[in-house]
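Asker: Got a structure for you, questions after.
The values are calculated or read from the model by the stated rules, or taken from the named source; none is laboratory data. If you're wondering where the values come from, they're calculated on a predicted model, not measured in any experiment. As a convention, Cβ positions derive from the backbone with ideal geometry for all residues, glycine included, and neighbour counts pool all protein chains shown. Surface areas here come from the heavy atoms of the whole protein model, side chains and all, with no ligands, DNA or RNA. Shrake-Rupley method; radii C 1.70, N 1.55, O 1.52, S 1.80 Å.
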2 protein chains.
Amino acid sequence: MRTLYHHWLHPGARLARLVLGEKGLETKDQVQPPWIRDEAFLALNPAGEVPVLVDTNGSTVAGTLAVAEYLDEVYPDPPLLGTDPVTRAEVRRLVAWFDDKFRREVTDTLAGEKLVTRITGNGAPDSRAIRAGRANIHIHLRYIAWLTEQTRWLVGPRPTLADLMAGAHLSLVDYAGDVPWDDHPTAKEWYTLLKCRPCFRSLLADAEPGLRPARHYADLDF
Amino acid sequence: MRTLYHHWLHPGARLARLVLGEKGLETKDQVQPPWIRDEAFLALNPAGEVPVLVDTNGSTVAGTLAVAEYLDEVYPDPPLLGTDPVTRAEVRRLVAWFDDKFRREVTDTLAGEKLVTRITGNGAPDSRAIRAGRANIHIHLRYIAWLTEQTRWLVGPRPTLADLMAGAHLSLVDYAGDVPWDDHPTAKEWYTLLKCRPCFRSLLADAEPGLRPARHYADLDF
């Protein structure tokens, strides 16, 4: 059986779950809290980070982009990176936009401060970071609106890894109740379409005891 | 003509130069300091970051991994990612190791503090960060030694994007004179082989006026 080592708080692990779902690949879940040192897990990934995929043939693949690219190569249906090099470059540009820029400016400052500090008990949330994240998120939601107004999804007429990476990050910020959807109807429409996809179901079922998601988190009509 | 927007202080832009060199692709250099806001450049890459490649057919490719993967797809000789999905996954794992973990633990704390703060005039180097970077680098050099003892290069018998990414970061730290090569002869041997490759020539010619590289930086017998 295929196994995914993941944690609901890790955006890259959320991406792996979305890709596996989009491709309809049955997978055993293995929850791996990123802040616990685990020698057996370090043997799978010396960086000690999720996601790690152990595929049915025993191959171990470690790291957000390594897992996503591997799955798209080995299970190409549906293709999530695009069918020509220029489209794939645009998908990868936006994947990096969300996993680098959005993460720094929004995910880390909102979900990071509010959720990770609560779960790990590692200090209090930094209210200045949270204010910065709440200001920054508008630019990104406007960018999503601008892109999807041209081509329905972020890159072209079908969802790609770019949409899934954006969804992986946004769903975490949404869990914390910090996405101002009502100010951004076009981005909300795009997210609604994403949220309705079967691959999103497992993410919407996430609910850490003692740290419940925002009320509308799993609601498809929010 | 192909154009690469880059800056010598950006590890991802150094990687792009190495990949272009490794594939023997003639390219016009366009230096783009990352800390200067430039509207024309933002039109090429809304994230405002190097590297950006404008290929001979006019296609624009933005971002470290997007450029590297695009070049390997469109100009597959020599292949830098490996020829099967599992090898490519291992290359991508190590690319992320150096561009995420090594960057956070070493490049940012050494080259970042010592070079970037000097060039931008943005505050004084943080001596605590520099001390941390000097302690962290040993683990990475031991890891390089361990990997290359098994298979000459980081992944298998030929250099891949993993070696080039490691070289892009290490060459920047080496510019600042902060790689303890003498403590790590196996890693030094690997870096010597890398440094002797023609693709490395343009990096070794980097010499910012007023901020000269360490004496041995361009020396192939260091």
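Asker: Restricted to the range A:192-214, and to residues that are modelled with pLDDT of 95 or more and among the basic types (Lys, Arg), which residue is surrounded by the fewest Cβ atoms within 10 Å (Cβ to Cβ)?
Answerer: My answer is A:Arg201.
Asker: Can you tell me which of B:Thr56, B:Thr87 is part of a helix (DSSP H, G or I), modelled with pLDDT of 95 or more, out of contact with any helix residue (DSSP H, G or I) (no Cβ under 9 Å at 6 or more places or on another chain) and open to solvent by 20 Å² or more (accessible area, probe 1.4 Å)? Explain how you work it out, then say what you get.
Answerer: Numbers: B:Thr56 fails: part of a helix (DSSP H, G or I).
Among B:Thr56, B:Thr87, only B:Thr87 is part of a helix (DSSP H, G or I), modelled with pLDDT of 95 or more, out of contact with any helix residue (DSSP H, G or I) (no Cβ under 9 Å at 6 or more places or on another chain) and open to solvent by 20 Å² or more (accessible area, probe 1.4 Å).
Asker: For A:Glu105, work out the one condition from (1) on the phi > 0 side of the Ramachandran plot; (2) more than 9 Å from every other protein chain (Cβ to nearest Cβ) it doesn't fulfil.
Answerer: Looking at each condition in turn, A:Glu105 falls short on (1).
Asker: Scan A:Trp190, A:Trp146, A:Trp153 and give me the residue that is touching an Asp or Glu at 6+ places or on another chain (Cβ under 6 Å) and aromatic (Phe, Trp, Tyr).
Answerer: The unique qualifying residue is A:Trp153.
Asker: Go through (1) touching a residue at least 12 places away in the same chain (Cβ under 8 Å); (2) open to solvent by less than 50 Å² (accessible area, probe 1.4 Å) for B:Ala96 and report which single condition fails.
Answerer: With respect to (1) touching a residue at least 12 places away in the same chain (Cβ under 8 Å); (2) open to solvent by less than 50 Å² (accessible area, probe 1.4 Å), B:Ala96 is out only on (1).
Asker: Determine, yes or no, whether B:Ala132 is away from chain A (no Cβ under 14 Å), in a loop (DSSP other than H, G, I, E, B), of a type in the set (A, V, I, L, M, F, W, C) and without any contact (Cβ under 8 Å) to a residue 40 or more places away in the chain. Before the answer, list the steps.
Answerer: Numbers: away from chain A (no Cβ under 14 Å): yes; in a loop (DSSP other than H, G, I, E, B): no; of a type in the set (A, V, I, L, M, F, W, C): yes; without any contact (Cβ under 8 Å) to a residue 40 or more places away in the chain: yes.
No, not satisfied.
Asker: Right, here's the next one. Of everything in the range B:23-53, what is of a type in the set (Val, Ile, Thr) and open to solvent by less than 50 Å² (accessible area, probe 1.4 Å)? Give them in sequence order.
Answerer: Quick first cut of the range B:23-53, residues of a type in the set (Val, Ile, Thr) only: B:27, B:31, B:36, B:50, B:52.
Selection gives B:Thr27, B:Val50, B:Val52.
Asker: Can I ask one more? Of the residues B:Leu9, B:Leu65, B:Leu25, only one is over 20 Å from A:Lys101 (Cβ atoms) and either assigned to a loop (DSSP other than H, G, I, E, B) or among the aliphatic types (A, V, I, L, M) (or both); which? Break it down stepwise before answering.
Answerer: On the way: B:Leu9 fails: over 20 Å from A:Lys101 (Cβ atoms); B:Leu65 fails: over 20 Å from A:Lys101 (Cβ atoms).
Going through B:Leu9, B:Leu65, B:Leu25 in turn, just one is over 20 Å from A:Lys101 (Cβ atoms) and either assigned to a loop (DSSP other than H, G, I, E, B) or among the aliphatic types (A, V, I, L, M) (or both): B:Leu25.
Asker: May I ask you to list the residues in the range B:118-157 that are within 14 Å of B:Glu189 (Cβ to Cβ) and among the hydroxyl-bearing types (Ser, Thr, Tyr)?
Answerer: Hits for the range B:118-157 are B:Thr148, B:Thr151.
Asker: If you don't mind, there's one more thing I want to ask. Please work out if A:Gly112 is at pLDDT below 95 and either assigned to a loop (DSSP other than H, G, I, E, B) or within 13 Å of chain B (Cβ to nearest Cβ) (or both).
Answerer: No; evaluated as a whole, the condition is false for this residue.
Asker: Conditions: (1) farther than 29 Å from A:Arg142 by Cβ; (2) open to solvent by 20 Å² or more (accessible area, probe 1.4 Å); (3) not hydroxyl-bearing (Ser, Thr, Tyr). B:Leu20 meets all but one. Number of the miss?
Answerer: (2)
Asker: Here's another thing I want to ask about it. When the residues of the range B:59-77 are filtered to those that are free of Cβ contacts under 8 Å to residues at least 12 places away in the same chain and within 8 Å of chain A (Cβ to nearest Cβ), which remaining residue is surrounded by the most Cβ atoms within 10 Å (Cβ to Cβ)?
Answerer: Once the filter is applied, the top-ranked residue is B:Val61.
Each row is one residue, and each column tells you yes or no for (1) outside any helix (DSSP H, G or I); (2) out of contact with any Ser or Thr (no Cβ under 6 Å at 6 or more places or on another chain); (3) buried (at least 23 other Cβ atoms within 10 Å of the Cβ); (4) free of Cβ contacts under 8 Å to residues at least 40 places away in the same chain.
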residue: B:Arg118; (1), (2), (3), (4): no, yes, no, no
residue: B:Trp146; (1), (2), (3), (4): no, yes, no, yes
residue: B:Arg158; (1), (2), (3), (4): yes, yes, no, no
residue: B:Met165; (1), (2), (3), (4): no, yes, yes, no
residue: B:Asp174; (1), (2), (3), (4): no, yes, yes, no
residue: B:Val179; (1), (2), (3), (4): yes, yes, yes, no
residue: B:Asp182; (1), (2), (3), (4): no, yes, no, yes
residue: B:Trp190; (1), (2), (3), (4): no, no, yes, no
